[in-house]
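To start, the structure itself, in structure tokens.
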Amino acid sequence: MYFSVGILYSAQDFLLFLKENPRLVSNFVDVFKNLNSVASTKAVLEVCQECHWIELDTDGYLKVTDKGEQVLDSKERVEIALRLQIHHLIEAYRPTWIPLLTRGRSEALKYLPIDVVQCLREAELVASYSDDVIVWWDRVAKISRKTSKEEKLDLSRAGEKLSIEYERNRTNKEPKWQGFESNFSGYDILSVVSSTDNSLLRVEVKISNSNWSVASFHVSRNEWKVAQYSNNYLFYLWILIPNPRLFIVNVNEVGKNIPTNKGNGEWESTEIPFVAICKEDEFVFNTKL
């Protein structure tokens, strides 16, 4: 697998040279040596081919493809070009570690190969919560997800972003987007009780784009376990139609709808209608997307 910072930069140099000077395949090795590349000729050529950044025309000349042009068009912002290249690499090679990307950024970074983490760090993808970084991680995670799960992820992110903004305004502090970092925490946002009380508040975000009468959300066994053992834990329920409205529900209210284990069996997830725990006209906050 060719996830290497050196290969990514060398590929950029090669694409730029090739765009200006299309070359016969027979001249490739000599030309590449003149570029003072830090990566091997074989590795760079293979990556460029597998990612479809270059192609061979009918006259035997290597040329930059539209996909390669996208990389070059991003070179003015180095991190953007690198992000695009890494995404193309993941699509092309489908590495064995790709399922890790669905676990959340921090969880994935714990187990990804060192070379991959170095590439991600160089592309400024390991710390920021900027919109383009969020979109990048979600896009690569979708490569190993089915379409229905992709749609669910998009909807979840919308609710989490709305909740982040709400908490930021409510507390005048920056909350932690835990749901983006890990899918195993049992909550999505780590905030504080108030602007004057720094006690930790865990928030689980649920969102629905269905009509009020049929809107519902799911609670997993792990989420409920964390909710029960947390001093401060709330459920933020968002409904999008006609405009986003927030309903804040405490653990006791949700607990009235949590199933009990029977015999040796243990419940894993339960679905709760919005109408079972809150009233349509009792929302805490409403806004427009």
Within segment 256-278, which residues are under 33 Å from the mean Cα position of the chain (by Cα) and among the small types (Gly, Ala, Ser)? 269, 276
Hey, among the residues in segment 72-96 that are closer than 20 Å to residue 17 by Cβ and of a type in the set (Asp, Glu), which one's surrounded by the most Cβ atoms within 10 Å (Cβ to Cβ)? 73
Please verify whether segment 33-44 includes one or more residues that are part of a helix (DSSP H, G or I), loosely packed, with under 12 Cβ neighbours inside 10 Å and modelled with pLDDT under 70. yes
Quick test of your reading of the structure: residue 96 fulfils all but one of (1) under 28 Å from residue 183 (Cβ atoms); (2) at pLDDT 90 or above. Name the failing condition by number. (2)
What number of residues in segment 230-253 are out of contact with any helix residue (DSSP H, G or I) (no Cβ under 7 Å at 6 or more places or on another chain) and more than 13 Å from residue 203 (Cα to Cα)? 7
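Here is a check on your reading of the model: is residue 62 of a type in the set (A, V, I, L, M, F, W, C) and either within 26 Å of residue 185 (Cα to Cα) or within 17 Å of the chain's Cα centre (by Cα) (or both)?
Numbers: of a type in the set (A, V, I, L, M, F, W, C): yes; either within 26 Å of residue 185 (Cα to Cα) or within 17 Å of the chain's Cα centre (by Cα) (or both): no.
Here the answer is no, as residue 62 does not meet what is asked.
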The one condition in (1) more than 26 Å from residue 137 (Cβ to Cβ); (2) among the hydrophobic types (A, V, I, L, M, F, W, C); (3) at pLDDT 95 or above that residue 278 fails to fulfil: (3)
So residue 53 clears everything in (1) surrounded by fewer than 16 Cβ atoms within 10 Å (Cβ to Cβ); (2) in contact with an Asp or Glu (Cβ under 9 Å, 6 or more places away or on another chain); (3) modelled with pLDDT of 85 or more except one condition, right? Which one? (1)
From 142, 152, grab the single residue that is free of Cβ contacts under 8 Å to residues at least 24 places away in the same chain and either surrounded by 15 or more Cβ atoms within 10 Å (Cβ to Cβ) or on the phi > 0 side of the Ramachandran plot (or both). 142
Mind checking whether some residue in segment 185-207 is modelled with pLDDT under 95 and among the charged types (D, E, K, R)? no
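Any residue in segment 161-171 that is part of a loop (DSSP other than H, G, I, E, B) and out of contact with any Ser or Thr (no Cβ under 6 Å at 6 or more places or on another chain)? Spell out the reasoning first.
Looking only at segment 161-171, we keep the residues that are part of a loop (DSSP other than H, G, I, E, B), and these are none.
Within segment 161-171, none of the residues are part of a loop (DSSP other than H, G, I, E, B) and out of contact with any Ser or Thr (no Cβ under 6 Å at 6 or more places or on another chain).
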Taking the stated definitions as given, is residue 248 surrounded by 15 or more Cβ atoms within 10 Å (Cβ to Cβ), within 13 Å of residue 163 (Cβ to Cβ) and among the β-branched types (Val, Ile, Thr)? yes
Every residue from segment 255-265 that is out of contact with any helix residue (DSSP H, G or I) (no Cβ under 7 Å at 6 or more places or on another chain) and either on the phi < 0 side of the Ramachandran plot or surrounded by 13 or more Cβ atoms within 10 Å (Cβ to Cβ) (or both): 255, 256, 259, 260, 261, 262, 264, 265
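The values are calculated or read from the model by the stated rules, or taken from the named source; none is laboratory data. This structure is a prediction, so every number in the text was calculated from the model and none was measured. A quick note on method: Cβ atoms are made from the backbone with ideal geometry, for glycine too, and the neighbour counts reach across all protein chains shown.
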